[in-house]
Amino acid sequence: MLFRLSEITKSYSAHDILRGLTFQINANEKVGLVGRNGAGKTTAFRIITGEEAADDGEIVKINNLKLGLLAQHVDFTDDETVHTAALSAFERIHDIEAEMRRLETEMAENYTEEILNAYAELQTEFEQADGFSYAARAEAILLGLGFNKENWDTKTVNLSGGQKNRLGLARLLLSGADILLLDEPTNHLDVNAVEWLENFLQTYDKTFVLISHDRYFLDRVCNRIIEIENGRANTYTGNYSKFLIEREERREAQRRAFENQQTMIAKNEDFIRRNLAGKKTKLAKSRRNMLERLERVEAVATERSQGNFVLKKIERAGNQVLTVEDLAIGYGDKVLAKDISFSLLRGEALGVIGDNGTGKTTFLKTVLGSIRALSGEMNWGAKTDIGYYSQQLEE
């Protein structure tokens, strides 16, 4: 066992999120944590890491358990580069190296048995921390997540949302944590990075718990699924596809048990009503006591609606929605893309794809007018009403 949550409860105002959440994570497990939006998955992560306190219940962890959390939104300091941000995961190794260099200088001037023993202890710790290969590991993970060497000196403040997410993931994978807590790790990742992460997690020799709504990703990397439903946990062995089959079987068994119990309760309540004041009053009271002590089977939860959106009526736009001719986008002297020309007609849907950092978001902001085009022309059609849902939700 690495850690165990036992009867965890958590409420916000009058809204109960977790109602007796109980599950255990063991060494070398690859766990998918699933559930509808708002079920409490991220709340469970925050309680595990200590970022939030549970209202009630118990958390048991093994001694010196090192947790690594990938949050949904990743931040860096303004002076960090891609390379320094990734290597910040090795802060302890850097401290050991610095102390070893200091002791080497001291030994050259004043060689003592005490200094030699201290140096030997540091050298052992350095080897155990994988100090001789950490730079190579950092390079492999950065390259795998799409950061070429020419990008390593880029300031983190200049990264796109997708690039920041990838860099945060790289830093976490390099942290040497005993267990990784991954909250939607494929958000903002391009196809190549998702494939690399799949391969990495499939061969990962430690434990991770993964929150994701990507069923195909869960299928490929997980060997156990924990579903949070009605504030409690149900555990299934296998990947996501197997979970769906077993969950339906469990729900069907629960549905039958609930219906059978309700039939039994109704019959006994009817008997109690007819006989409580009659000749069989003793038997009626016995059945009433039985019903009071009875552990009730919960009804199968119905799938909740995820929202009730009403789209307002808008004035019909013209057939020509957007025309772009020879557009070049970028910042200053840096051109991210050029020679972009197309026409978007009413009723059409346009997908913009490409690797992280190639200019997809810059393109959207350019046609919206929040970033100046480097060259070219853009024309919106008459009566065009624009809605923008941004990557970082800043609008």
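Just so you know, all these numbers are worked out from the coordinates, no wet-lab data involved. Remember, predicted model here, so these are calculated numbers, not experimental data. Cβ: placed from backbone, ideal geometry, glycine included. Neighbour counts: every protein chain shown.
Couple of notes before you dig in:
- Sorted by Cβ density within 10 Å, fewest first, the residues LEU350, LEU5, LEU276, LEU103: LEU350, LEU276, LEU103, LEU5
- Computed FRET value (nearest 0.05) for GLU125 with VAL191, which takes r as the C-beta separation and R₀ as 41 Å: 0.55
- Within the chain: Cβ-based charge dipole about Cα centre, in debye rounded to nearest 20 (Lys, Arg +1; Asp, Glu -1): 3640 debye
- Extension gain for the segment ILE386 to THR105, taken as residue separation times 0.36 nm less the Cα-Cα distance, is 94.6 nm to one decimal.
- For region 196-229 and region 86-112, distance of Cα centres in Å: 38 Å
- Considering only ILE179, ILE59, ILE371, the mean-square fluctuation computed in a Gaussian network model of the chain, springs between alpha carbons under 10 angstrom, is largest for ILE371.
- Stretchable slack from ASP16 to ASN148, in nm (0.36 nm times residue separation minus alpha-carbon distance): 42.9 nm
- Top of PHE76, PHE258, PHE271 by mean-square fluctuation, Gaussian network on the chain, Cα under 10 Å: PHE271
- Dividing the mean sequence gap of close Cα pairs (under 8 Å, 6+ apart) by how many residues region 71-229 holds gives a relative contact order of 30 percent.
- Partners for LYS149 among lysines (Cα-Cα distance below 23 Å; same-chain residues under 8 apart left out): LYS164, LYS334, LYS360
- ARG346/GLU51 FRET efficiency (R0 35 Å; Cβ-Cβ; nearest 0.05): 0.15
- Which labelled figure in (1) 221; (2) 141; (3) 153 is volume of the Cα convex hull per residue in Å³, once derived from the coordinates: (1)
- Short-range pairs are left out: with C-alpha atoms under 8 Å and at least six residues apart, the relative contact order of the chain is 17 percent.
- Partners for LYS267 among aspartates and glutamates (Cα-Cα distance below 14 Å; same-chain residues under 8 apart left out): GLU259
- Test item: Cα-centred dipole of region 1-151, Lys/Arg +1 and Asp/Glu -1 on Cβ, debye: 1180 debye
- In a simple Cβ point-charge model (Lys, Arg +1; Asp, Glu -1; nothing else charged), region 243-293 has a dipole of about 560 debye relative to its Cα centre.
- Under-5 Å amide H pairs with LEU69, H placed in peptide plane, nonlocal only: LEU181
- Selected from MET100, MET378, MET290 as most flexible by GNM, with the chain as the system and alpha-carbon contacts under 10 Å: MET290
- Percent RCO, i.e. relative contact order, over region 245-298, from Cα pairs under 8 Å lying at least 6 residues apart: 41 percent
- Residues in region 193-207 that a label on ILE62 would reach, taking backbone N under 13 Å of a point 7 Å out along Cα→Cβ: 206-207
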